Amino acid sequence: MHEMLHAITEEAISRNDDLYKQIDRLRKQVIKALGNNAKDYGLTSVYEFMAELSNMEFVEKLKNIKTEKKITFFEWIRSIVNELARRILRFAA
């Protein structure tokens, strides 16, 4: 599943600088929120961050951390994934 997410997301992210920056900003905020516990492989890059959404332990961490927007990081990334899916579908059409 991890490699499948790479295959699905990498091209769409690399083609859109704004989307890349948005995901990277989120990734950096997760690192800050986790502090010394920010050791997950999914935090090493934007691409690994997206692919690690196949890792339920990583997802659970994101579900348990609130953002300044009063939503969880998982809810925030879910909205980004929805946007990414729309871009992929537009690209495939």
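The values are calculated or read from the model by the stated rules, or taken from the named source; none is laboratory data. Remember, predicted model here, so these are calculated numbers, not experimental data. Quick reminder, even Gly has a Cβ in these numbers, built from the backbone with ideal geometry, and neighbours come from all protein chains shown. Each accessible area value is taken on the protein alone, full model and side chains, heavy atoms only, with ligands, DNA and RNA left out. Shrake-Rupley method; radii C 1.70, N 1.55, O 1.52, S 1.80 Å.
Just one of Glu68, Glu83, Glu60 is at pLDDT below 85 and open to solvent by 80 Å² or more (accessible area, probe 1.4 Å); which is it?
Criteria check complete, one pass: Glu68.
Glu75 - would you say it is outside any helix (DSSP H, G or I) and open to solvent by 40 Å² or more (accessible area, probe 1.4 Å)? Explain how you work it out, then say what you get.
Numbers: outside any helix (DSSP H, G or I): no; open to solvent by 40 Å² or more (accessible area, probe 1.4 Å): yes.
Spelling it out, it is not the case that Glu75 is outside any helix (DSSP H, G or I) and open to solvent by 40 Å² or more (accessible area, probe 1.4 Å).
Cβ contacts < 8 Å: first residue free of Cβ contacts under 8 Å to residues at least 12 places away in the same chain, restricted to region 33-56; second residue open to solvent by 40 Å² or more (accessible area, probe 1.4 Å) and of a type in the set (Val, Ile, Thr), any location; separation 6+ or different chain. Result?
The qualifying pairs are Ala38/Ile31.
For region 81-89, state whether one or more residues are within 13 Å of the chain's Cα centre (by Cα) and β-branched (Val, Ile, Thr). It would help to see each step written out before you state the result.
Within region 81-89, the first condition is being within 13 Å of the chain's Cα centre (by Cα), and the residues that meet it are 81-85.
Now narrow it down to the ones that are β-branched (Val, Ile, Thr): 81.
Yes, that holds for at least one residue.
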